[in-house]
1. Looking at this structure, is Ala63 surrounded by 20 or more Cβ atoms within 10 Å (Cβ to Cβ) and small (Gly, Ala, Ser)?
2. Taking the range 111-122, which residues are part of a loop (DSSP other than H, G, I, E, B) and either touching an Asp or Glu at 6+ places or on another chain (Cβ under 7 Å) or of a type in the set (Phe, Trp, Tyr) (or both)?
3. For Lys108, only one of the following conditions fails: (1) within 24 Å of Val8 (Cα to Cα); (2) not hydrophobic (A, V, I, L, M, F, W, C); (3) not in a helix (DSSP H, G or I). What is its number?
4. Here are some conditions: (1) over 16 Å from Thr91 (Cα atoms); (2) aliphatic (A, V, I, L, M); (3) in contact with a strand residue (DSSP E or B) (Cβ under 6 Å, 6 or more places away or on another chain); (4) in contact (Cβ under 8 Å) with a residue 40 or more places away in the chain. Met165 meets all but one. Which one does it not meet?
5. Here are some residues: Tyr156, Tyr169, Tyr94. Which one is over 23 Å from Phe79 (Cα atoms), surrounded by 17 or more Cβ atoms within 10 Å (Cβ to Cβ) and not small (Gly, Ala, Ser)?
6. Return the residues of the range 54-91 that are of a type in the set (Val, Ile, Thr) and either more than 18 Å from Asp41 (Cβ to Cβ) or more than 16 Å from the chain's Cα centre (by Cα) (or both); say none if nothing qualifies.
7. Filter the range 92-126 for residues that are under 18 Å from the mean Cα position of the chain (by Cα) and hydrophobic (A, V, I, L, M, F, W, C) and give the result.
8. Exactly one of these conditions fails for Ser49: (1) under 18 Å from Met216 (Cα atoms); (2) of a type outside the set (A, V, I, L, M, F, W, C); (3) out of contact with any Ser or Thr (no Cβ under 8 Å at 6 or more places or on another chain); (4) surrounded by 16 or more Cβ atoms within 10 Å (Cβ to Cβ). Give me its number.
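Nothing in this text is a laboratory measurement; each read-out follows from the coordinates by a stated rule. Quick caveat, the model's predicted, so the values are computed rather than measured. Note: ideal-geometry Cβ built from the backbone for every residue, glycine included; neighbour counts use all protein chains shown.
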Amino acid sequence: MQCMNNFVAPSLLSANFASLSQDIEMVNASRAGWFHIDVMDGVFVPNISFGPPVIKHIKKLAAKPLDVHLMIIDPDRYFKVFKEVGADIITVHYEACNHLHRSVTSVKSLGMKAGVVLNPHTNVDLLENVIEELDLVLLMSVNPGFGGQKFIENTYRKIHQLKEMIEKYNTDCLIEVDGGVDIENAHKLYDAGANVLVAGNSVFGSDNPLKAIELMSF
């Protein structure tokens, strides 16, 4: 996994798919740490994105780890598939897993890093019994399913709560934040305790994506 402690993970959901290879090369050349890839099924969230065939293509071009965020029901069915197409990190939603510990250990048994995602309404303390198993926790700072939403300010409090839990159990778990991240709030999020910032529109909608990534990097 990326060795830096704090970095940006550009979300390819906001990339230009007519020139996807160019956007991937831009991220390769940037200070970004990971590629963030949102997989949506139209059931767990009200949108549909891309699946394994596209990720397989991305993997051939990407020079940085693929952080695959599964916004799908019954994600356990697909762990092996996403491993085969190149996922380095898998994050699953707390809200989508009936047996969260089993899901996390299944991901790790396949040689990938494992994370859990919390929707804005889900309390951080629900992770206390699995926090020592996790490589990262992704806090949604918007309601999942669409890009370009307004950042939910309560996220800062959740970062502080999660940071306290991580320190209590002395783990190396990273804190990732996804939704409404931009140049204006990036460093405030790092100061609160975040390590990885997912940025979509604020990168790919910028006139200078490389500069945008640099400005949002620690």
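1. On the way: surrounded by 20 or more Cβ atoms within 10 Å (Cβ to Cβ): no; small (Gly, Ala, Ser): yes.
It is false that Ala63 is surrounded by 20 or more Cβ atoms within 10 Å (Cβ to Cβ) and small (Gly, Ala, Ser).
2. Of the residues in the range 111-122, the ones part of a loop (DSSP other than H, G, I, E, B) are 111-112, 119-122.
Correct list: Met112, Asn119, Thr122.
3. Tallying (1) within 24 Å of Val8 (Cα to Cα); (2) not hydrophobic (A, V, I, L, M, F, W, C); (3) not in a helix (DSSP H, G or I), Lys108 fails exactly one: (3).
4. (3)
5. On the way: Tyr169 fails: surrounded by 17 or more Cβ atoms within 10 Å (Cβ to Cβ); Tyr94 fails: over 23 Å from Phe79 (Cα atoms).
Answer to the check: Tyr156.
6. Of all residues in the range 54-91, those of a type in the set (Val, Ile, Thr) come to 54-55, 58, 68, 72-73, 81, 85, 89-91.
If the condition is that a residue be of a type in the set (Val, Ile, Thr) and either more than 18 Å from Asp41 (Cβ to Cβ) or more than 16 Å from the chain's Cα centre (by Cα) (or both), then Val54, Ile58, Ile73, Val81, Val85, Ile89 are the ones that fit.
7. Listed by number, the residues that qualify are Val92, Ala96, Cys97, Leu100, Val104, Val107, Met112, Ala114, Val116, Val117, Leu118, Val124.
8. The single condition Ser49 does not satisfy is (1).
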